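Peer 1: After the structure tokens below, expect a handful of questions from me.
The values are calculated or read from the model by the stated rules, or taken from the named source; none is laboratory data. Just so we're clear, the structure is a prediction, and the values are computed from it rather than from any experiment. Positions of Cβ are backbone-derived with ideal geometry, glycine not excepted, and every protein chain shown enters the neighbour counts.
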Amino acid sequence: MPAHPMLEFQVNGRTYEVAVSPASRLLDVIRNHIGLTGTKEGCSTGQCGACTVLLDGRPVSSCMTFAGDAVGHEVTTIEGIAPPGGLHPLQQSFIDYGAVQCGFCTPGMILSAKALLDRNPDPTDDDIRRALAGNLCRCTGYRKIFEAISTYARASRPRSKKVKTR
Amino acid sequence: MTFTAVGKRVPRLDAPDRVTGRTQFGADIKLPNMVYGAVVRSPHAHARIVRIRTDKAEKMPGVVAVITGKDFPRADGEGVPMLAREKVRYCGEGVAAVAAESIRAARAAAEAIEVEYKLLPVVAHVRDATKQGAARIHAESEDESMPNIAGAATIKRGDIAAGFAASDCVLEATFETQWVHQGFMEPHVSLASIDPGNGRITIWTSTQAQFNQRSDLANILALPMSRLRIIGLPVGGAFGGKNSVCVEPIVAELACRCGRPVKLVVNRKDDFTATRPCGAAVMELKAGLQRDGTLIALQARLLFDSGAYRGAQHGNGASLLQGPYRWPHLDITSYAVFTNKPSAGARRALTAPHAHFASESMLDMMAAKLGIDPLEIRLKNALRAGDPVMGGMKMPFTVAAKVIGAAADRAGWSARSSGPVKGTAKSRGWGIAAGHWGTWAGGSSATVNVNEDGTVSVLTGAINLTGTDTSFAQIAAEVFGIPVSHVTVYQGDTDTAPRNDGSWDSRVLFGTGEAVRRACEDAKRQLAECLTEELGAAPEQIEIGGGFARATKGGAKPLTLAEAASRAVEYRGAIVGRAALSDLDPPAIPVAAQVAEVEVDRETGQVRVLRLVCAQDVGFAINPMSVEGQIEGSASQGVGYALSEEYIFGPDGCLLNDTFRDFRMPTARDHPEFDVVLIEERKDSGPFGAKGVGEPGLVPTAAAIANAIYDAVGVRVRQLPMTPERIVRALGHRSKG
């Protein structure tokens, strides 16, 4: 086996040095080398969205991303959005609204939703549908996922209608 | 009666693990010293295997085991070989498998296995398969007058000739449905390891039915069940697609060969072809009715495509074709037909969606012909208690008309408006359809441990596909009168849990849920027996609930459940409630009715489902949020079945669209507005009057959408999926006609 170069990855705010071919899949680096298995592999061809991670805050299919292309960029996986043992409020919203059934698509779905809300805290219904269009879910019919995201977005809108007292 | 735990919207107890990615699916598991499996698959749909050369592969670096069909003298219960022997019957069928140190080495070795084939004529369609002179896929046929018959079933009631003679209106039509994948997001995955000390094989697998896996594997591998341990893993969706054995025997055999743990994740392409998708059907119907809309006679010839082996559910299709309606005269013949397609398997509600697409479309055609409202014809003929249903059974309750009426009311059927949308090429339409399904409790069991602090642990062998474990916790909490958070539910494996038939047929909550309830009652009885001295009362005078044990007579001070449990455990060593059952009477026959509102683009043929009102008889919703999720998920699957999902085979019988790009399942952009109406009569024999809910929601969807398309643009599409192309073609025919 040819020796692979040591590549440096920034994942969830930590630096990992991995001896891997730059032509490897980012998905394999995350799952097999770093050992974060919350990122799922559903189709291996970038069509189901289960392997979605954030690259500098933008959702990408990690099965279609070269490891080398992730070097020098911040990778966020589902393990990186909440404090250890805790939940991101979007995750809590998925739980509360029954938006998770089998849970295989859920990490990717949540990351796609988070990417949307980070750049657009006040999305329209159509914005949400578009943002999720690359993440297939077979269990829920999407309505409860949609409800979880839109409810969370409304609740966490930066300028809420609450009257502020000074 | 007021409830404290059941009937509440409780989030799935395992949801925190699933939203954080902590849930360990099969692909996430690494075993020490593990090797990886790969399967060699046939590129031909029908061919004789002349020779398999494995010597080159065996000598490749990293290869530790190679097996072929010769290593599996026995097939599974439906005659499906684990690796093909002598001939291949579909494109994608496994012919050999390897295990190697890395996935890459395993794939390279698989490619190095040389298989020489002699091609045979391909039988691609059920109609061709049954013609005289068609190539035979198996030596035997279940019907001597036709080749390639995998099975036949008939349902007869009344006198069909007299029925047609008494009918004012007789209509004939043929309907076709397509091959589809169940669409689960997690591909099949299994791991196996062998204990060299005692020769036991442990298999970790994404399955709906671990005990059935054990009995199938015992047969296939010719081992006693005691040598096998099956550990059902968290399942990333199944919908019937993970009922049967898949690669479990292959990983087991490879592990035995090399003495090391073997892992095999099926790739998505292979998952489309080689893991028992849902077969197509051709359904020829002839129906007679009276001028007032009373249904009289239904005759049908159904051909269910079983693909390469014997997996089509033709009997189920025949027994469900009547829909939730009274038909005095039935004459239905149903065949499962071998073709050189994948080996057909189960899909949510088996062949009910096929059958109801035909019969519910037919019902609308008859209503149109007689000028009767589609709702009226359904209400008029809806099944009542005691009516014959599902072959030889009786409908237990009069509920069908209520469900149908509820869907129509919620949708606003009487005030509906359809037709062209001004200023566009679009037309809107409304359609209604109903469906029914049958759920049997089957082998269901549970044990319940009462801990000495008054908390409770429930153990079952049912696979927690849909959140049933959460419902079990609610049931236990209700019976003991404790918070849901005081209940733990554990899914055991075939070594640790009592036997369970598995998670299919919407049966888990119905059967195992009732077993959990009974096991809790059993544990309560045992508790009471231990408290007679403390409470100065006979066991039957001791009431346990609301967190206390108290005597109904006498003035003894009540004990908290914790005090009671602690004393009982001390006295008896353990309080273990148990229940097992093989049947519940009556079985659940849920009825679902849906109203679809669609918008059809008359130029492009594009259909958008705007709204889908889903009414369903659920008996009692133990967890309404979870029940809604099941119904919405079913109906969404139905939207895909109706409009876009379809296996497209080439003339060589090979699947052309084995990716999610080309096999088009609904996305977040396609989901309609769902409106779920739960009908709860609390009369069923499941826990607290509950019945199965997981499948009925898919049964009427395609027909409701077909009927809405007809209402919108006046064309009747008799073939699924109703793609833009088919709709445009149908519109073209109409304008020419």
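Peer 1: What number goes with the only condition from (1) out of contact with any strand residue (DSSP E or B) (no Cβ under 9 Å at 6 or more places or on another chain); (2) without any contact (Cβ under 8 Å) to a residue 12 or more places away in the chain that residue B:539 does not pass?
Peer 2: (2)
Peer 1: Here's a check for you: in the stretch A:118-141, which residue that is crowded, with 20+ Cβ neighbours inside 10 Å and of a type in the set (A, V, I, L, M) is nearest to the other protein chains (Cβ to nearest Cβ)?
Peer 2: Among those residues, the one meeting the criterion is A:132.
Peer 1: Regarding the stretch A:95-103, can at least one residue be identified that is closer than 20 Å to residue A:26 by Cα and either over 14 Å from the mean Cα position of the chain (by Cα) or in contact (Cβ under 8 Å) with a residue 24 or more places away in the chain (or both)?
Peer 2: No, the stretch A:95-103 contains no residue that is closer than 20 Å to residue A:26 by Cα and either over 14 Å from the mean Cα position of the chain (by Cα) or in contact (Cβ under 8 Å) with a residue 24 or more places away in the chain (or both).
Peer 1: Suppose the filter is assigned by TED's automatic domain parsing to the domain that holds residue B:645, within 18 Å of residue B:435 (Cα to Cα) and crowded, with 24+ Cβ neighbours inside 10 Å; does residue B:353 pass it?
Peer 2: Yes; evaluated as a whole, the condition is true for this residue.
Peer 1: Counting just the residues of the stretch B:447-481 that are farther than 25 Å from residue B:691 by Cβ and surrounded by 21 or more Cβ atoms within 10 Å (Cβ to Cβ), which one comes out nearest to the chain's Cα centre (by Cα)?
Peer 2: Filtering first and then ranking leaves B:450.
Peer 1: While we're on this one: Can you name the condition, by its number, that residue B:685 falls short on among (1) assigned to a helix (DSSP H, G or I); (2) crowded, with 19+ Cβ neighbours inside 10 Å?
Peer 2: (1)
Peer 1: Then there's this: If you check B:573, B:619, which single one turns out to be without any contact (Cβ under 8 Å) to a residue 40 or more places away in the chain, more than 11 Å from chain A (Cβ to nearest Cβ) and closer than 30 Å to residue B:446 by Cβ?
Peer 2: Testing whether each residue is without any contact (Cβ under 8 Å) to a residue 40 or more places away in the chain, more than 11 Å from chain A (Cβ to nearest Cβ) and closer than 30 Å to residue B:446 by Cβ leaves just B:573.
Peer 1: Going by the conditions given, is residue B:541 under 30 Å from residue B:642 (Cα atoms), surrounded by fewer than 24 Cβ atoms within 10 Å (Cβ to Cβ) and not basic (Lys, Arg)?
Peer 2: no
Per-residue answers, yes or no, for (1) surrounded by 19 or more Cβ atoms within 10 Å (Cβ to Cβ); (2) under 24 Å from the mean Cα position of the chain (by Cα):
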{"site": "B:662", "(1), (2)": "no, yes"}
{"site": "B:665", "(1), (2)": "yes, yes"}
{"site": "B:689", "(1), (2)": "no, yes"}
{"site": "B:693", "(1), (2)": "yes, yes"}
{"site": "B:705", "(1), (2)": "yes, yes"}
{"site": "B:720", "(1), (2)": "yes, yes"}
{"site": "B:734", "(1), (2)": "no, no"}
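Peer 1: Would you check which residues across the stretch B:171-190 are away from chain A (no Cβ under 14 Å) and closer than 30 Å to residue A:106 by Cα and list them?
Peer 2: Result: B:178, B:179, B:190.
Peer 1: Please name all residue pairs, on different chains or six or more residues apart, with Cβ atoms under 9 Å, provided the first residue is in the stretch B:652-671 and is more than 12 Å from chain A (Cβ to nearest Cβ) and the second residue is surrounded by 21 or more Cβ atoms within 10 Å (Cβ to Cβ) and of a type in the set (Gly, Ala, Ser).
Peer 2: Cβ pairs passing all conditions: B:652/B:45; B:653/B:45; B:654/B:45; B:654/B:92; B:655/B:92.
Peer 1: Can you say whether residue B:172 is within 23 Å of residue B:241 (Cβ to Cβ) and among the charged types (D, E, K, R), as far as the supplied structure shows?
Peer 2: no
Peer 1: Would you list the strands (runs of 3 or more DSSP E) that sit entirely within the stretch B:556-643 and hold 1 or more residues that are in contact with an Asp or Glu (Cβ under 6 Å, 6 or more places away or on another chain) and closer than 30 Å to residue B:544 by Cβ?
Peer 2: In the stretch B:556-643, B:575-581 are the strands (runs of 3 or more DSSP E) which contain 1 or more residues that are in contact with an Asp or Glu (Cβ under 6 Å, 6 or more places away or on another chain) and closer than 30 Å to residue B:544 by Cβ.
Peer 1: Out of B:440, B:413, I need the residue that is under 30 Å from residue B:717 (Cβ atoms), in contact (Cβ under 8 Å) with a residue 24 or more places away in the chain and not small (Gly, Ala, Ser). Which one?
Peer 2: B:413
Peer 1: Is it the case, given these coordinates, that residue B:479 is touching a helix residue (DSSP H, G or I) at 6+ places or on another chain (Cβ under 7 Å) and assigned to a strand (DSSP E or B)?
Peer 2: no
Peer 1: Mind listing whichever residues of the stretch B:455-476 are outside any strand (DSSP E or B) and in contact with a His (Cβ under 7 Å, 6 or more places away or on another chain)?
Peer 2: Residue satisfying the conditions is B:455 alone.
Peer 1: Out of contact with any helix residue (DSSP H, G or I) (no Cβ under 9 Å at 6 or more places or on another chain) and either of a type in the set (Gly, Ala, Ser) or surrounded by 18 or more Cβ atoms within 10 Å (Cβ to Cβ) (or both), is that true of residue B:212?
Peer 2: Taking the combined requirement at face value, the residue satisfies it.
Peer 1: What number goes with the only condition from (1) surrounded by 21 or more Cβ atoms within 10 Å (Cβ to Cβ); (2) more than 14 Å from chain A (Cβ to nearest Cβ); (3) not charged (D, E, K, R) that residue B:231 does not pass?
Peer 2: Checking residue B:231 against (1) surrounded by 21 or more Cβ atoms within 10 Å (Cβ to Cβ); (2) more than 14 Å from chain A (Cβ to nearest Cβ); (3) not charged (D, E, K, R), the one that fails is (1).
Peer 1: Here is a list: B:227, B:276, B:268. Which entry is under 17 Å from the mean Cα position of the chain (by Cα) and among the basic types (Lys, Arg)?
Peer 2: Sole residue among the options that is under 17 Å from the mean Cα position of the chain (by Cα) and among the basic types (Lys, Arg): B:276.
Peer 1: Which one is farthest from residue B:523 (Cα to Cα), of the residues in the stretch B:422-445 that are over 22 Å from the mean Cα position of the chain (by Cα) and in a strand (DSSP E or B)?
Peer 2: Once the filter is applied, the top-ranked residue is B:426.
Peer 1: Can you spot a residue in the stretch A:135-149 that is at pLDDT 95 or above, closer than 23 Å to residue B:24 by Cα and in contact with a strand residue (DSSP E or B) (Cβ under 7 Å, 6 or more places away or on another chain)?
Peer 2: Checked against the condition, which is being at pLDDT 95 or above, closer than 23 Å to residue B:24 by Cα and in contact with a strand residue (DSSP E or B) (Cβ under 7 Å, 6 or more places away or on another chain), the stretch A:135-149 yields at least one hit.
Peer 1: Go through (1) under 30 Å from residue A:14 (Cβ atoms); (2) away from chain B (no Cβ under 12 Å) for residue A:151 and report which single condition fails.
Peer 2: Residue A:151 satisfies every listed condition except (1).
Peer 1: Restricting attention to the stretch B:544-574, and to residues there that are under 22 Å from residue B:2 (Cβ atoms) and surrounded by 15 or more Cβ atoms within 10 Å (Cβ to Cβ), which single residue is modelled with the lowest pLDDT?
Peer 2: Of everything passing the filter in the stretch B:544-574, B:547 is modelled with the lowest pLDDT.
Peer 1: Something else about it: I'm trying to understand the selection: among the residues of the stretch B:480-501, which are over 26 Å from residue B:226 (Cβ atoms) and either basic (Lys, Arg) or without any contact (Cβ under 8 Å) to a residue 60 or more places away in the chain (or both)?
Peer 2: Within the stretch B:480-501, B:485, B:486, B:487, B:488 qualify.
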